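Accompanying notes for the structure given below.
Throughout, read-outs are computed from the coordinates displayed, never taken from laboratory work. Predicted model only: the values in this text are computed from it and were never measured. Cβ placement follows ideal geometry from the backbone for every residue including glycine, while neighbour counts extend to all protein chains displayed.
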Amino acid sequence: MDLILDLCSGGEIEAGEVKNITIYTYGTALDITADYQPDTVYAAKFSLPFCAALALKKKSCGLADFTAAALADTEIRALMPLVTLVKDEELDVLHPARWPARVEITTKPGRVYSGQTDFPRGDPENPMAADELAAKFHTLADGPWGAGNANFLEQAVLSLEAVTDIRKLFN
């Protein structure tokens with residue numbers, strides 16, 4: 001999804017202009033994610049066609065984007081059959097040492113946008129920038145813990161090397 005989001009970040013790709021999306025990856029990924037008909041929000045999180053369509057339409061694919069409304073969205077559902085999943089033998093032999101994927105988005109006017117990665121964003125080999133990591137943390141933590149507690153925890157973790165009394169982290 002990071003590849004699709006990166007390709008869409010320039011604003012040149014509009015969901016309605018997409019002719020097809022081809023995702024090349026290793027076999028195990030396809031074994032787990034090749035669901036073209038997810039029927040629950042949970043199943044949608046493991047559906048590569050749904051995730052690709054969601055990312056293309058919303059220009060985001062975070063936890064908050066996976067909703068019943070998104071699952072029922074007719075535009076997302078219409079984009080899903082445009083997604084072709086391909087087990088790429090060259091990428092397959094790289095797994096599990098790498099987690100490779102290549103994406104090609106072809107528009108109706110015939111432009112092709114492509115990207116490839118060996119590791120998803122957030123892996124040690126492809127780390128997130130500090131601001132991206134903090135934003136993701138707050139997306140996940142603010143709701144259950146409250147923004148104030150999440151801010152406290154963020155600062156505590158970022159300054160762990162200076163902590164002299166770990167009990168202060170649990171007050």
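A few notes on this one:
- Rounded, prolate or oblate (a/c below 1.5 giving rounded, otherwise prolate when a/b exceeds b/c) for region 130-170 by Cα gyration tensor: oblate
- Top positive-direction residue, dipole computed over the chain with Cβ charges, set Leu85, Ile166, Leu63: Leu63
- Most to least packed among 159-165, 94-100, 10-16 [average Cβ atoms within 10 Å]: 94-100, 10-16, 159-165
- Across the chain, the mean sequence separation of Cα contacts (distance under 8 Å, 6 or more residues apart), normalised by length, yields a relative contact order of 25 percent.
- Identified option (computed semi-axes √(5λ) of the Cα gyration tensor in Å; candidates [x] 24, 18, 16; [y] 30, 21, 15; [z] 33, 20, 15): [z]
- Between helix 130-145 and the chain: long-axis angle, C-alpha atoms, 0 to 90°, nearest 10: 70
- Shape class for region 71-117: oblate, because the ratio a/c of the largest to smallest gyration tensor axis (alpha-carbon atoms, square roots of eigenvalues) is 1.5 or more and b/c is at least a/b.
- DSSP-defined beta bridges in the chain - what % are antiparallel, rounded to 5: 70
- In this structure, the pairs whose alpha-carbon distance is over 31 Å, taken from Lys19/Lys45; Lys45/Lys108; Lys59/Lys168, are Lys59/Lys168.
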